[in-house]
1. Considering only residues that are farther than 13 Å from residue 19 by Cα and acidic (Asp, Glu), which ones fall in the range 75-110?
2. The conditions are (1) within 18 Å of residue 19 (Cβ to Cβ); (2) modelled with pLDDT under 95; (3) open to solvent by 60 Å² or more (accessible area, probe 1.4 Å), and residue 143 fails exactly one of them. Which is it?
3. Which of the following residues is crowded, with 16+ Cβ neighbours inside 10 Å, farther than 16 Å from residue 19 by Cβ and either more than 13 Å from the chain's Cα centre (by Cα) or not small (Gly, Ala, Ser) (or both): 66, 113, 72?
Amino acid sequence: MTPAPALAATAPAAGPVRAVYPGSFDPLTAGHVSVMRRARDLFDELVVLVAVNSDKRPDVGEEERAAAVRAALPVEWTSVTVVAWSGLTSEYCRSREVAVIVRGVRNTSDLQAEHRLAAMNQSLGVPTVFLPAQPDLTRLSSTAVRALGS
């Protein structure tokens, strides 16, 4: 009996890993920037997706919010891009070869809500990575910042 020929172990050509961090960013908070900083360290490219959320009523449109986010980020963050988007996050990911969705979570309520979204996105072929909020930022939310600004 002749032994089977050995198969060469070849890994698929790995390109840069792209992640997307979606949100309304109305307004951008220190918590958002913290998640971006950590995601930037984990992935080769990060797209901050300034999205439309039908449950929220922002004072300005997504293009203006995207411009505000872009202006707030350090110029040396060249691996981070900011894009306004009005469709499904999973649709954006599939059409642009984005491998993973990044979400920040502050508490168990956030985690429960985000878990439901993550399950839906996973069923559409896009996994989610959760990044817990820094302890000093767990009480900070865009809603609270808006309320304080009013």
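1. 76, 91, 110
2. (1)
3. Details: 113 fails: crowded, with 16+ Cβ neighbours inside 10 Å; 72 fails: crowded, with 16+ Cβ neighbours inside 10 Å.
Going through 66, 113, 72 in turn, just one is crowded, with 16+ Cβ neighbours inside 10 Å, farther than 16 Å from residue 19 by Cβ and either more than 13 Å from the chain's Cα centre (by Cα) or not small (Gly, Ala, Ser) (or both): 66.
The values are calculated or read from the model by the stated rules, or taken from the named source; none is laboratory data. None of these values were measured; they are calculated from a predicted model. Here the Cβ is made from the backbone with ideal geometry for all residues, glycine too, and neighbour counts use every protein chain on show. Each accessible area value is taken on the protein alone, full model and side chains, heavy atoms only, with ligands, DNA and RNA left out. Shrake-Rupley method; radii C 1.70, N 1.55, O 1.52, S 1.80 Å.
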